[in-house]
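Report on the following structure.
The values are calculated or read from the model by the stated rules, or taken from the named source; none is laboratory data. Keep in mind it's a predicted model, so treat the numbers as computed, not measured. Cβ placement follows ideal geometry from the backbone for every residue including glycine, while neighbour counts extend to all protein chains displayed. Areas reflect the complete protein model, heavy atoms only, side chains present, ligands, DNA and RNA absent. Shrake-Rupley method; radii C 1.70, N 1.55, O 1.52, S 1.80 Å.
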Amino acid sequence: MDFHVKPGEYDPINYVAHSESHGTKELWKTFWILLGITIFDFIIYFVMPASGLRNFIFIFFGLVKAYFIVGAFMHLKHEKINLALIILVPTLFIVGLIMGLLYEGHALTFMK
């Protein structure tokens, strides 16, 4: 009997663990980016007085962090554009609805 292993097959006798990372390098990179943005958020919170600009900065960095979380941890970074649009388009409609409701709610307070 000839027990030669063909290239690409699993050899249980001569098995050597591979040094493949399975994307952990990318996940750690994403982790450090998210940590940096969060630390910057904390600094802005304690240094900058409450204002519309500070709220805009928090919303902007929240969206950036959401992009990294969805892309890296939910594996949507490597998906086709159609799947991304299925998620993005309803999200944009919801954001538009919220902005419209906030605008109308603010306008109603000045009418009284």
Practice task
Tell me the label-point distance for the pair T38, V64, using the 7 Å Cα-to-Cβ offset, in nm and rounded to one decimal.
Solution key: 1.6
Fill in the blank from the handout: Heavy-atom accessible area of V64, protein chains in place, probe 1.4 angstrom, given in Å² to nearest 10, is 40
Exercise for the section: Arrange the residues T30, T91, T38 by how much accessible surface each exposes, largest first, with a 1.4 angstrom probe. Expected result: T91, T38, T30
